[in-house]
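The values are calculated or read from the model by the stated rules, or taken from the named source; none is laboratory data. Quantities reported herein were computed from a predicted structural model and do not represent experimental measurements. All Cβ positions, even for glycine, are placed from backbone atoms using ideal geometry, and neighbour counts span all protein chains on display.
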Amino acid sequence: MRLFQAIDTLWDYMQLHHQVQKSDCIVVFCSNDTRVAQVATTLYQQGVANKILFSGGFGRFTQGEFEHTEAETFALIARSLGVPQEAIFIENKASNSGENVLLSAQLLAEVLPEADTFTLVQKPFMERRALATFEAQWPRDYQSLQVTSQAGTFIDYLDNDVFTSDFVINALLEDFERIKAYPALGFLTEQEIPENVSIAYQTILNIYPRS
């Protein structure tokens, strides 16, 4: 398998291609990619949900880089694009995906206790891990869950001046490794991994070895 084919195969596997339907709340796992806030805003404006929860404190890529926490930064973007303050909830302590889930659940239990249908928004290559983390760690029953992102191909994602291809490829590999390792730790639900995806991962790893 050639490198570019391998990248496309793994990239596509990490996305879930859900058809987005209406839900009670859009839940955003914040990060260093502020385009995710724009995706969430578009979903809100399309009427997918009338509430958005932004979850994120400072992570390894935003500590010292963002003036405000990830959630506060994303909320500022959403408000600048027309989302009213009363539609936004902010959870600004989480520093990893598990905390995104648990702290979001705690906040929603207080401010939107009837919510049981959710739209998760993440980076494209983190869709599958967002789903698996939510499934494993959400502490209450829920009716439905869908995950979405800006989608597109690996090349589409690089169409900006922020992230280099090496940075994104390493992040992609790291997320896939968590998909494989974290279910045994109880952090994620088990995800079926087709053989061609495993081959794609190994092909990329041969060129971008992990330290």
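Just one of the listed residues (R60, R79) is in contact with a strand residue (DSSP E or B) (Cβ under 8 Å, 6 or more places away or on another chain) and without any contact (Cβ under 8 Å) to a residue 24 or more places away in the chain, namely R79.
Among the residues of the range 48-76, just one is under 24 Å from E114 (Cα atoms), crowded, with 21+ Cβ neighbours inside 10 Å and of a type in the set (V, I, T), namely I52. For the range 76-87, the set of residues classified as hydrophobic (A, V, I, L, M, F, W, C) and under 14 Å from T42 (Cα atoms) consists of I77, A78, L81, V83, A87, listed by residue number. Any residue in the range 187-203 that is of a type in the set (F, W, Y) and either at pLDDT below 95 or farther than 18 Å from F134 by Cβ (or both)? Yes, there is a match, as at least one residue in the range 187-203 is of a type in the set (F, W, Y) and either at pLDDT below 95 or farther than 18 Å from F134 by Cβ (or both). The residue pairs whose first member lies in the range 150-173 and is at positive phi, whose second member is part of a helix (DSSP H, G or I) and modelled with pLDDT of 95 or more, and whose beta carbons are closer than 8 Å, counting only pairs six or more residues apart or on different chains, are A151/P124; G152/P124.
Within the range 89-114, the set of residues being more than 11 Å from P139 (Cα to Cα) and loosely packed, with under 14 Cβ neighbours inside 10 Å comprises E110, V111, P113, E114.
Looking only at the range 159-171, count every residue that is of a type in the set (A, V, I, L, M) and surrounded by fewer than 15 Cβ atoms within 10 Å (Cβ to Cβ) and tell me the total. Number satisfying all stated conditions: 1. Reported count of residues in the range 117-168, each being β-branched (V, I, T) and within 24 Å of I207 (Cα to Cα), is 5. Scan the range 55-96 for residues that are in contact with a Leu (Cβ under 9 Å, 6 or more places away or on another chain) and closer than 14 Å to I26 by Cα and the total you get is 6. Scanning for something over 13 Å from the mean Cα position of the chain (by Cα), of a type in the set (A, V, I, L, M) and at pLDDT 95 or above, does the range 22-41 turn up at least one residue? Looking through the range 22-41, none of the residues is over 13 Å from the mean Cα position of the chain (by Cα), of a type in the set (A, V, I, L, M) and at pLDDT 95 or above. Which of the residues that make up the range 37-57 are of a type in the set (S, T, N, Q), closer than 28 Å to T164 by Cα and touching a residue at least 12 places away in the same chain (Cβ under 8 Å)? Within the range 37-57, Q38, T41, S55 meet the criteria.
Scanning the range 24-47 for residues that are part of a loop (DSSP other than H, G, I, E, B) and out of contact with any Lys or Arg (no Cβ under 6 Å at 6 or more places or on another chain), we see that the one that is surrounded by the most Cβ atoms within 10 Å (Cβ to Cβ) is C30.
Restricting the search to helices (runs of 4 or more DSSP H) fully inside the range 70-176 and requiring at least 2 residues that are within 22 Å of H17 (Cα to Cα) and over 16 Å from the mean Cα position of the chain (by Cα) gives 154-157. When the range 177-190 is examined, which residues are found to be farther than 24 Å from F4 by Cβ and either outside any helix (DSSP H, G or I) or out of contact with any Asp or Glu (no Cβ under 8 Å at 6 or more places or on another chain) (or both)? Passing the criteria: A181, Y182, A184, L185, G186, F187, L188, T189, E190. Inspection of the range 150-157 identifies no residue that is within 30 Å of A49 (Cβ to Cβ), surrounded by 18 or more Cβ atoms within 10 Å (Cβ to Cβ) and aliphatic (A, V, I, L, M).
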